[in-house]
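Asker: Let me begin by handing over the structure; questions about it come next.
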Amino acid sequence: MRIELRFFIGIIFFLPSIIFSQNISNELGFEEFMGLVKSNHPVAIQADLTVEKGRAYLTKARGGFDPKLYGNASNKRFDEKVYFGVYNGGLKVPTWFGLTFEAGYEFNEGIYLNPDNNVPLDGLWNAGVSLTLGKGLFIDERRAELKKAKIYRNSTQVQRTIILNDLLYESSVVYWDWFKSFHEKEIYTNAYSNAVTRLESIKREAILGNKPMIDTLEYFIVVQNRQISLQEATLNFQNKTELLQVFLWQEGVIPLELSKEIVPPKLTNQLVTPADGNLLSISDSLIQNHPDLVNYLFKIESKQIDLRMSRESLKPTVNLKYNALAENQFENTFETYNVNNYKWGAEVSFPIFIRKERGQVKIDKLEIREMEAGFAEKNQRVKYKVNTSFNTANTSFSQANLYDLNQQNYEKLLDAELRLFDLGESSIFMINTREKGYIYSQIEFAKSIATNQKANAQLKYNLGVLAD
């Protein structure tokens with residue numbers, strides 16, 4: 001399904017004021033285009049889904065601390081005899097502090113029941129706690145996963161910004177290339193049209209004997225060259241339009257087709273802007289909070305949790321478990337409880353050489369050092385890119401204004417040369433020379449506007465604030 005962008009822009013940007021519906025501009029401005037991309041491009045939607053994914057991971061990690069109901073049943077009957085029947089169930093509640101509380105009920109029967117499973121006729125209640133004193137006392141796999149999930153949840157916000165920054169910078173480059181290609185086509189269209197009109201005039205003058213016939217051939221070649229340039233510019237504009245449409249969507253599912261009536265803004269030096277001075281004044285703060293750097297810090301923080309887990313493995317495993325027991329007396333169960341009825345256990349283990357554990361600690365430390373070195377290099381590279389972007393934006397601003405004056409001066413030269421030609425004091429060669437200079441200066445002015453705007457977009461991209 002294809003929808004014309006002109007209609008879509010009207011709905012999105014002009015719906016609040018009905019009076020615009022009678023006179024909607026055919027211009028697709030840069031801010032309008034970027035708004036469409038940020039709101040509707042599939043990648044922008046994927047960026048939002050990344051945040052949702054981070055929340056889902058955190059929910060999953062928190063599930064490691066969910067209370068758990070359990071139950072087991074085992075029964076054997078043969079020759080009309082109950083060999084054994086073992087039934088138990090209960091509730092386990094893990095906590096953040098490494099303690100696990102447990103409560104349950106056990107009922108067993110049978111003539112061949114394992115003595116360990118002998119319980120009173122009405123069953124046996126138990127309630128207790130298990131505790132890790134060595135390995136896993138301060139951090140274990142569940143707590144580590146939850147900590148890392150929280151880091152990941154926070155990092156998805158930064159990843160969303162990174163994804164949007166990449167998308168919006170790429171789309172801004174495509175937009176200004178489209179802008180430049182359109183105006184190049186318009187410049188060559190006017191140049192070709194003027195050349196055709198001038199050729200007809202030269203032909204009439206040659207027939208009347210006021211101009212040599214060779215001028216008609218010479219200027220016919222000029223017309224042919226203009227036509228070739230126009231065809232190349234038209235092809236380039238068509239291809240840039242196709243590329244621009246790649247970034248135009250409705251709700252991330254319906255690709256939009258750019259109407260032929262939609263055009264970029266006119267050539268004017270008002271489109272040229274210097275580097276934002278406010279960004280320069282707070283550039284140090286923006287660099288410090290650059291999404292790429294912040295995301296790198298999240299990765300280091302996550303790796304430090306791995307290091308804590310590795311260091312925890314250097315400790316011996318010491319697990320204690322205690323369960324108070326009470327016979328099932330229905331309403332009097334707690335009244336008949338005796339502190340001497342309990343079940344407890346202990347588990348202790350420790351690898352003698354702990355080579356595996358020491359090796360993992362060393363690996364994690366080295367990886368953190370590598371990441372810290374990478375962070376320092378990335379920080380310096382971001383500063384370099386920001387500084388060069390400021391320089392490029394300011395220089396392109398100055399050059400664009402110079403090209404604007406340049407094209408105005410070339411136009412004056414061309415007008416003067418045409419007047420001289422009408423008076424018989426100039427030649428086709430001089431007109432062609434002046435016109436080439438004028439066409440070149442117009443194209444360079446259009447190119448300088450695109451260069452300046454791309455430089456400003458790149459500045460915000462390198463600062464990590466283009467998505468803002």
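Asker: Count charges around residue 373 for me, please; just the other residues with Cβ under 14 Å from its Cβ, Lys/Arg as +1, Asp/Glu as -1. The partial results should precede the final answer.
Answerer: On the way: positive: 299, 303, 365, 369, 378, 381; negative: 367, 370, 372, 377.
With Lys, Arg at +1 and Asp, Glu at -1, the neighbours total +2.
Asker: At a Förster distance of 41 Å, what's the computed FRET efficiency of residue 194 paired with residue 254, Cβ-Cβ distance as r, to 0.05?
Answerer: Details: r = 42 Å, r/R0 = 1.02.
After rounding to 0.05, the efficiency reads 0.45.
Asker: Tell me the Kirkwood radius of the chain: reciprocal of the mean inverse pair distance over distinct alpha-carbon atoms, in Å.
Answerer: On the way: mean 1/r = 0.0331 Å⁻¹.
Taking every pair of different Cα atoms in the chain, averaging 1/r and inverting gives 30.2 Å.
Asker: Give the Kirkwood hydrodynamic radius (Å, one decimal) of region 133-209, defined as one over the mean of 1/r across all pairs of different Cα atoms. Could the numbers behind the result be given before it?
Answerer: Values: mean 1/r = 0.0528 Å⁻¹.
Roughly 19.0 Å, rounded to one decimal.
Asker: Relative contact order, percent, of the chain when contacts are C-alpha pairs under 8 Å separated by at least 6 residues? If you can, show how the numbers build up before the last one.
Answerer: Values: 648 pairs, mean separation 96.8, N = 468.
Relative contact order here is 21 percent.
Asker: Going 7 Å from the Cα of residue 52 in the Cα-to-Cβ direction, what parts of region 217-259 have a backbone nitrogen less than 18 Å from that spot?
Answerer: 250-254, by backbone N distance to the label point.
Asker: Given a cut-off of under 8 Å on Cα pairs at least six residues apart, what relative contact order in percent is computed for region 359-461?
Answerer: On the way: 58 pairs, mean separation 40.1, N = 103.
About 39 percent, as a whole number.
Asker: In terms of modelled amide H atoms, which long-range or inter-chain residues lie less than 5 Å from the amide H of residue 110?
Answerer: 85
Asker: Further question on the same structure: Run the quick spin-label model on residue 422 and residue 376: label points 7 Å from Cα toward the beta carbon, then report their separation in nm to one decimal.
Answerer: Result for the modelled spin labels: 7.3 nm.
Asker: Tally up the carbon and sulfur contribution to the accessible surface of region 197-248 as a whole percent, 1.4 Å probe, everything protein left in place. Working shown, then result.
Answerer: Working: 1840 of 3170 Å².
The nonpolar share, carbon plus sulfur, comes to 58 percent.
Asker: Which part of region 103-147 falls in the paramagnetic zone of residue 81, meaning amide N under 20 Å from the point 7 Å along Cα-to-beta-carbon?
Answerer: Only 108-119 fall inside the zone, counting backbone N under 20 Å.
Asker: Follow-up. I want the local charge near residue 100. Using Cβ-Cβ distances under 14 Å, sum +1 for each Lys or Arg and -1 for each Asp or Glu among the other residues. Mind dumping the intermediate values first?
Answerer: Values: positive: 68, 92, 142, 143, 321; negative: 66, 102, 140, 141, 347.
Surrounding charge for residue 100 is 0.
Asker: Let me ask something else about it. Place the peptides 107-118, 155-166, 302-313 in order of packing, highest mean first, counting for every residue the other Cβ atoms within 10 Å and averaging per peptide. Show your work: numbers first, answer last.
Answerer: Details: 107-118: 12.8, 155-166: 20.3, 302-313: 17.5.
Highest-to-lowest ranking by the protection proxy: 155-166, 302-313, 107-118.
Asker: Tell me, what is the FRET efficiency for residue 101 and residue 170 to the nearest 0.05, using R0 = 56 angstrom and their Cβ-Cβ distance as r?
Answerer: Result of the calculation: an efficiency of 0.55.
Asker: Roughly how compact is region 348-468, stated as its Cα Rg over 2.2 N^0.38 Å to two decimals?
Answerer: On the way: Rg = 30.2 Å, N = 121, 2.2 N^0.38 = 13.6 Å.
Scaled against compact globular proteins, the figure is 2.22.
Asker: Roughly how many nanometres apart are two label points built 7 Å out from the Cα toward the Cβ at residue 284 and residue 347?
Answerer: 5.5
Asker: Right, another one. Where does each of 382-392, 275-285, 177-187 land if you order them by average Cβ count within 10 Å, highest first?
Answerer: Working: 382-392: 17.1, 275-285: 13.7, 177-187: 22.5.
In descending order of packing, they fall as 177-187, 382-392, 275-285.
Asker: Just flag the GluC sites (Glu not before Pro) in region 356-431 sitting in loop per DSSP whose Cβ has no more than 11 other Cβ atoms within 10 Å. Present the calculation step by step, with values, prior to reporting the outcome.
Answerer: Values: sites: 357, 367, 370, 372, 377, 411, 417, 425; in loops: 425.
Passing both the DSSP loop test and the Cβ count: 425.
Asker: What does DSSP give for the chain in terms of the percent of beta bridges that are antiparallel, rounded to the nearest 5? The partial results should precede the final answer.
Answerer: Details: 48 of 51 bridges.
Roughly 95 percent of the DSSP beta bridges within the chain come out antiparallel.
Asker: Give 68/299; 92/148; 38/454; 180/385; 150/362 a once-over and call out the pairs whose C-alpha atoms are over 29 Å from each other. Don't skip to the end; give the middle numbers.
Answerer: Working: 68/299 32 Å; 92/148 24 Å; 38/454 17 Å; 180/385 25 Å; 150/362 25 Å.
From the list (68/299; 92/148; 38/454; 180/385; 150/362), the Cα-Cα distance tops 29 Å for 68/299.
Asker: Only four residue types carry charge here, +1 at the Cβ of Lys and Arg and -1 at the Cβ of Asp and Glu. Report the dipole size of the chain about the Cα centre in Debye, rounded to the nearest 20.
Answerer: On the way: 54 positive and 56 negative charges, 255 e Å.
Value, rounded to 20: 1220 debye.
Asker: Using 7 Å Cα-to-Cβ label points, what is the residue 387/residue 313 separation (nm, one decimal)?
Answerer: About 4.3 nm, to one decimal.
Asker: Further question: Given a Förster distance of 35 angstrom, what is the FRET efficiency for residue 92 paired with residue 301, based on the Cβ-Cβ distance and rounded to 0.05?
Answerer: 0.70
Asker: Also: Report the local net charge at residue 416: Lys and Arg +1, Asp and Glu -1, summed over other residues whose C-beta lies under 12 Å from its C-beta. Working shown, then result.
Answerer: Numbers: positive: 412, 419, 434; negative: 411, 415, 417, 422, 425.
That sum, taken over residues with Cβ under 12 Å, equals -2.
The values are calculated or read from the model by the stated rules, or taken from the named source; none is laboratory data. Everything numeric here is computed off the predicted structure, so don't read it as measured data. So basically every Cβ, Gly included, is an ideal-geometry build from the backbone, and we count neighbours across all protein chains shown. Remember, those area values only see protein heavy atoms, side chains included, never the ligands or the DNA or RNA. Shrake-Rupley method; radii C 1.70, N 1.55, O 1.52, S 1.80 Å.
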